Amino acid sequence: MQSGFKVEGDKVTLSLGTSREDGVKQVSFRISHRPGIKYKRVRDLSITYDKVSGRIEARLVVEVEARENNGAGKVAVDLGETVMMACAFDDGTVLLYSGRLIKAVRRYWQKVRANLKQNSRRWKRIAHREKKQVEHLLHAATSHLIAECVQKGVKEIAIGNLNGIRESIAYGDRLNQRLHAWPYRKLANMLKYKGALVGILVRDDVDEENTSITCHACAQVAASNRRHRGLYACSCGWRAQADVNGALNIFERAFQVSPVKGSSGRVARPAVVSYRLGWHGVAEPKRKGKFLRASA
Ligand SMILES: [Zn+2]
């Protein structure tokens, strides 16, 4: 699109020039904005028409004003499938975001697609719908987490090295394939740009090796400590949900300090909050104010 454009609020106006035979000089349409974000400058606008889906998409490349951030807080995020994000905060809180709905959505559309010819029109349309639904849910979860971070004065988020995730998965090929398709990269990118908007640095350089099987209390490395239903239980007495244990280990590795270990060597119980994802956003835990405890 060579013509000029103008963005006012949520209204975009394209100038088409004066040479069109039909006499149309401009077209206007509305776009959905991310609420509460001020654009410094709109750098570029591109409009594409997808013949398969019949959709017109407008993409804006914008420069935004990052909000000032005077916080000093830190968070480590363990990315997974059933629990898509286990987030350990430096105040000893751990937030768990369930990945069950995304799993169900993916499974559902995979089943629908299985009966269709690959790359056919209908197959592509369904793949597009699945992608949009998964993205919608990823947006809900990442926006919720970033809002929590802002509230808690977080300045830095550490996540595992994504290349490491793939290498460390040594299950069968089928499961491997499924996990590879799990949108970790997309999730990480959303955290990065949403974090940048509020002045939070998101780094993805933490080596995750063994963080899921290491005891956070005594540092013993034992895969057998991972029990049924995601419980991590060590002979030293430490018991925690496996994702909570993993997130605390990633925190310690990223920041060289544990959010729950005192100077006396005593390990405190983290305050765990479990969030479910719904189509209309992140559902608050049923028992508000009463945290589920990680340890027995
Ligand atoms: Zn232990």
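The numbers here are math on the coordinates, done by the rules we state, and not lab data. Just so it is clear, the model here is predicted, and its values are computed rather than measured. Because the Cβ atoms are built from the backbone with ideal geometry, glycine has one as well, and the counts that use them run over all protein chains shown.
Could you please rank S28, S98, placing first whichever residue has the fewest other Cβ atoms within 10 Å of its Cβ? Could the numbers behind the result be given before it?
On the way: S28 11, S98 19.
With the sparsest Cβ surroundings first, the list reads S28, S98.
Rounded to the nearest 20, the Cβ-based charge dipole of the stretch 5-64 about its Cα centre (Lys and Arg +1, Asp and Glu -1) stands at 240 debye. Excluding same-chain neighbours fewer than eight residues apart, the lysines reachable from K261 by a Cα-Cα span under 29 Å are K74, K152, K155, K192, K286, K288, K290.
Taken over the alpha carbons of the chain as equal point scatterers, the Debye sum produces base-10 log I(q)/I(0) values at 0.12, 0.14 Å⁻¹ of -0.89, -1.12.
A simple count of charges around G230, restricted to other residues whose Cβ falls under 14 Å of its Cβ and scoring Lys, Arg +1 and Asp, Glu -1, yields +2. Sites listed here are GluC sites (Glu not before Pro) in the stretch 6-68 whose DSSP assignment is loop and whose Cβ has at most 15 other Cβ atoms within 10 Å: E21, E65, E68.
The residue among G9, V61, C215 whose Cα reaches farthest toward the positive pole of the charge dipole of the chain, with charges on the beta-carbon of Lys, Arg, Asp and Glu, is G9.
Summarising the amide proton neighbourhood of K155: residues at separation of 5 or more, or on other chains, whose placed amide H is nearer than 5 Å comprise A72, G73, K74.
For the listed peptides 250-263, 146-159, a ranking on the average number of other beta carbons within 10 Å per residue, highest first, reads 146-159, 250-263. Positive end of the dipole of the stretch 73-293 (Cβ unit charges, origin at the Cα centre): among V273, W182, I250, the Cα lying farthest that way belongs to W182. Per-residue ellipticity at 222 nm computed for the chain from its helices equals -10000 deg cm²/dmol, with DSSP H segments shorter than 4 residues left out and the rest contributing -39,500 (n - 2.57). Positive-end ranking of S224, V94, W109 along the dipole of the chain, with charges on Cβ about the Cα centre, is headed by W109. Here the 3J(HN,Hα) profile of the stretch 54-61, calculated from phi with Karplus coefficients 6.51, -1.76 and 1.60 at θ = phi - 60°, is x, 9, 10, 10, 10, 10, 10, 9 Hz, Gly and Pro shown as x.
As a proxy for reagent exposure, ranking W109, W279 by other Cβ atoms within 10 Å from fewest up yields W279, W109. Straight-line cross-link reach from K25 at under 19 Å between alpha-carbon atoms covers these lysines, not counting any fewer than eight positions away in the same chain: K6, K11.
Taking other C-beta atoms within 10 angstrom as a stand-in for reagent exposure, I102, I56, I126 fall in the order I56, I126, I102, fewest first. Applying both filters, DSSP loop and at most 10 other Cβ atoms within 10 Å, to the trypsin sites (Lys or Arg not before Pro) of the stretch 39-116 gives K51.
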